[in-house]
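Only one structure is covered here, and it is reproduced in the block below.
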Amino acid sequence: MAKVKVKSLTKRYGAVTALDGVTLDAESGELISLLGPSGCGKSTTLRCVAGFLSPDSGDISVNDQSIVSTPSNRRDFGVVFQNYALFPHMTVAQNVGYGLLFRKIPKSEHGPRIENALRMVRLTGLADRLPKALSGGQQQRVALARALVIEPRLLLLDEPLANLDARLRDEVRWLIREVQQQSGTTAFYVTHDQAEAMAISDKVAVMKSGKVAQFATPRDIYQRPSERYVADFTGEANFLAARVLDASAGRFRIEVAGQTLDVPGVASLKAGDTAELLLRPESLSLDMDGASPRSLFTGVVSKAAFLGASQHCEISLGTGGVLKLAAPPNTSIAAGEQVGISVALEHAWLMPEVKP
Amino acid sequence: MTPVSEKRGRLARISFGALILLLYVFLLAPLAAIMLASFTGGELMRVPPQGLSLRWFVAFFQRQDLVDALLMSLRVALVTSVVTSIVGMMAALCSQALSRRLAVVFQISMTLPLLVPELLTSIGLLFFLYQIGLAKTFIGLQIGHILIAFPYAYVSIVAALRQIDPAMEEASGSLGATALDTFRRILLPLAAPGIVMGAVFAFITSFDLYTISLLLKPVGGNTLPLALFDFLTYEFRPTAAAAATLSILLSALGVALIQKIVGLQRAF
Amino acid sequence: MTDARKWQLLLGIPAVLLLFVFLIMPLAGMVEMSFRTAGSNAPYGDGFTAVHYARVLGDGFYMATLLRSLVTAAIVTLLCLIVSYPLAWHLSTARGGKALFLYACIASPLMTGVLVRNFGWMIVVAIDGPLNASLMGLGFISRPLRVMFTQGLVIMALVHVFIPFMVLPINNALRNINPALSEASLSLGASRLSTFFRVTLPLSFPGIQPGVILVFVLSVAAYVTPALLGGQMVNLMPTLIIRELTGTFAWPFGSTLAIVMSIATLSIVVAFSLLTARLMERVRA
């Protein structure tokens, strides 16, 4: 059981700042995702935690003990690499048992432990194969078993699904979550796939050029993002420019597209601030009979595409701006139609405007 | 294509094929000539041989001076290949820890003995060994061979290490292995083909060196190429062909070994 | 990118020492030696002088020998390139088992010593050897040719020795050319010949340049081949240098000859690199 804290981690390469004060913490048994586009610092953070890189400043602690100067081979962390990094000259069993060689574990226990780990990742009967005789998904399971067999204090996964095809990705993703929860291992998980991060994480850290933009639960990241960047990265989003008229305890009276609305939002906003209103497509619905009394906005359908389970629509508002939304599959929508849009205001979210 | 140009195309292909064949004959003729001549049953070193026999191989092994030279060459080559492999491995590990720009400089420095003509290296070493009192000694000759063969071992090992995914080392370290464990259990086995290839290259290079041996040879000692040169200047007999055939077979063994462990295409 | 492990740097020490002590220092020592006075009972004296350089540069015999060496090396390099290019091209188009066999044919001579290969030529070109026999058999000549101890034989043997050094880099360069480029050229209406001269040949230059430089440098300083196959009849710099060093023990003068030869070689290499720098720049990926 390990509680992990990362505090103000900084790493520079010459003039480039790769990490700029990254702070995270994981309660025992939690899975924390580091989410962001390539170059945002998520892998660098993971490699610092693993001990492959040493940060210029900042601290990493496990159960309140700093490990920042502990070499990687004494950190007791299991690492799963993007390309698996299985030792090509060793069999599956030898790969999985490798970490046991360096621990005071009687030889007689190695066999059962290896077997157990392989059973955990549902990979039995292949113990004597060489890695190259396995499929990508199987290799990934071996890598996972190898990292878990040493009963690590922390499990680090670096884009573990990046090299798998879409179907396998789903399967292995659930396996990783299941095994992580079963063993109660704290885990850091690096990914650039927001769906993956939201699906399996207890908390997600969305990273942006070396900093943590937001660190919260998947639900908060999606529904209550700290800024436009986070909202954009976590899913389809509409933004409307707004102005705060009045603020009280996380609720705001705002002016947006010629209307005055009452919405929840980021607590730090004050009256007079310019802000952005986030409207997720699923909190919008079409009023087909033109504008109804419920409709908050009116506009013209500028694009409509049938996707099977839904229809993707873009509506140009009379007051300027475009709203994307998903309409039910069986209503008939055509470009050029005049429509009204209803908004579930409880699911709207007001964020400060961040200049890029 | 019209029939005329098709005909011309075929003619071009055939003449190109003939040219290539001729070039390969040119390339292999001297080696073939030696091997044929060494198996002659007659008295003269001639191709085609007069009858087949192994008598000149027997004659070679009855010449104490030539056998001594062969043994000395083998011994020097063996020491060279062991020393260059170890020093080369160490240097290759060092190059991995260097920044990219420094690594380029290091790489060029390490291959310097390959870039400086053997003649110049030999002359410099002759003076230097004389000044430190090692001229005309066995150890002086050995140093010269190690120096010239070193790049062959180094380059092979560096290439082998470069093939290894850096994540291998990280994976091993994260599982609790010390640097020494990782070297022994991961790097060494994975780089083994490259190391063996480098050792073979270094061995054969040393075995074949002439100029540096001429300048640095110890008093009373001769390597096989030196003995062979002298033999050829004074007695032009098939014994020399037998000696040369032995050295060709040794090289062929080396080529076969390299093919078996890494494949020729990757080696050259 | 893993942070460098500083202790790994220490592993480079033996190699650096080996090269510094036994290569750099001796080469510097050779330069120093060339300024030593000649010794009476020792290979060199205690004083310093530039008289050897004056002697080498002022004496027509040495300058003529230097020129002969450079010209010979240039001829060897050119012939080697002409012979090696088709071999490299053929090798680069081969795949699988055939490629393997061809690699073995190219590599085997490389792996046998220069002396052994030169010795092979002695058998081939002997008066009663297979070359004369086949030439007479085909009716090209009526009396056997005397080839031994001629400049021609030395050149041929040197070309033979250096073929692998030329073939392998050119082969690598040719293999690195995107095959779509020559297909593009053909599709645009160029003949196979103009495709070769306008596309393939220039793009293979990254293999030609190092091959040419390597073969030229090695040819100038080649000792064994002229010594064995040229005998007393073919006088080139390396034979002259070795004679000074081991025959008359004139170390300072021998060093001077070696250094003058090296500087001349290096100048030519630098000039060649500069002349071809633009082409190289353009075709490098």
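Derivation of every value follows stated rules applied to the coordinates shown; laboratory data play no part. All figures in this text were calculated on a predicted structure; none of them were measured in a lab. FYI the Cβ positions are ideal-geometry reconstructions off the backbone, even for glycines, and counts take in every protein chain you see.
Summary table below
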{"quantity": "Residue order, fewest to most surrounding Cβ atoms within 10 angstrom, among A:Leu168, B:Leu115, B:Leu187", "calculated": "B:Leu115, A:Leu168, B:Leu187"}
{"quantity": "Using alpha-carbon coordinates, inclination of helix A:107-120 to the longest axis of chain A, degrees", "calculated": "20"}
{"quantity": "DSSP-defined beta bridges in chain A - what % are antiparallel, rounded to 5", "calculated": "75"}
{"quantity": "Peptides ranked, highest mean first, by Cβ atoms within 10 Å: ranges B:241-248, C:275-282, A:224-231", "calculated": "B:241-248, A:224-231, C:275-282"}
{"quantity": "Candidates C:Leu91, C:Leu115, C:Leu229: whichever shows maximal mean-square fluctuation once chain C is modelled as a Gaussian network with Cα springs under 10 Å", "calculated": "C:Leu115"}
{"quantity": "Alpha carbon centroid spacing (whole Å) that separates region A:101-163 from region A:1-73", "calculated": "24"}
{"quantity": "Cross-link reach list, lysines versus A:Lys303, counting only Cα pairs under 30 Å and skipping chain neighbours closer than eight places", "calculated": "A:Lys324, A:Lys355"}
{"quantity": "Relative contact order for region A:4-228, counting Cα pairs under 8 Å that sit 6 or more residues apart, in percent", "calculated": "30"}
{"quantity": "Nearest 10 degrees, 0 to 90: helix A:136-148 Cα axis against chain A principal axis", "calculated": "70"}
{"quantity": "Within a Gaussian network of chain A (alpha carbon springs, distance under 10 Å), most fluctuating of A:Ala237, A:Ala93, A:Ala249", "calculated": "A:Ala249"}
{"quantity": "Order by protection proxy (mean Cβ within 10 Å, highest first), peptides C:214-225, A:49-60", "calculated": "C:214-225, A:49-60"}
{"quantity": "Mean Cβ count within 10 Å, highest first, over the residues of peptides A:29-39, A:318-328", "calculated": "A:29-39, A:318-328"}
{"quantity": "Under Karplus coefficients 6.51, -1.76 and 1.60, residue-wise ³J(HN,Hα) of region C:115-131 in Hz, glycine/proline x", "calculated": "4, 4, 5, 5, 4, x, 5, 4, 6, 5, 8, 3, 3, 9, x, x, 5"}
{"quantity": "Helix runs (DSSP H) in chain B reaching 30 Å along axis by Cα, Kyte-Doolittle at least 0.0", "calculated": "B:3-38, B:64-96, B:138-162, B:238-261"}
{"quantity": "Using distinct alpha-carbon pairs, which all enter the 1/r mean, Kirkwood radius of the protein assembly as shown in Å", "calculated": "33.6"}
{"quantity": "Region C:138-285 - charge dipole about Cα centre, Lys and Arg +1 at Cβ, Asp and Glu -1, debye rounded to 20", "calculated": "280"}
{"quantity": "Footprinting exposure proxy for A:Cys313, C:Cys105 (fewest neighbouring C-beta atoms within 10 Å first)", "calculated": "C:Cys105, A:Cys313"}
{"quantity": "Diffusion constant of region A:282-356 at 25 °C, which comes from Stokes-Einstein with the Kirkwood Cα-pair radius and 0.890 mPa s, µm²/s", "calculated": "190"}
{"quantity": "Number of partner chain Cβ atoms within 10 Å, mean per residue of B:246-252", "calculated": "4"}
{"quantity": "Given A:Lys11/A:Lys203; A:Lys7/C:Lys6; B:Lys136/B:Lys260; A:Lys5/A:Lys107, the pairs whose alpha carbons are separated by over 32 Å", "calculated": "B:Lys136/B:Lys260; A:Lys5/A:Lys107"}
{"quantity": "Mean shadow area of region C:60-284, taken as a quarter of the surface of its Cα convex hull (nm²)", "calculated": "15.9"}
{"quantity": "Per-residue mean of C-beta atoms belonging to partner chains within 10 Å, peptide C:25-33", "calculated": "6"}
{"quantity": "Inter-site label distance for B:Lys260 and A:Ser54 at 7 Å from Cα along Cβ, in nm", "calculated": "4.6"}
{"quantity": "Inter-chain Cβ neighbour average for residues B:18-24, partner chain, 10 Å", "calculated": "4"}
{"quantity": "Exposure proxy ranking, count of Cβ atoms within 10 Å, fewest first, for A:Met351, A:Met288", "calculated": "A:Met288, A:Met351"}
{"quantity": "Choice from B:Phe39, B:Phe128, B:Phe150 with maximal GNM fluctuation in chain B (Cα, 10 Å cutoff)", "calculated": "B:Phe128"}
{"quantity": "Kirkwood Rh (inverse of mean 1/r, distinct Cα pairs), region B:8-53, angstrom", "calculated": "12.3"}
{"quantity": "Cα centroid of region A:276-298 to Cα centroid of region B:7-49, whole Å", "calculated": "87"}
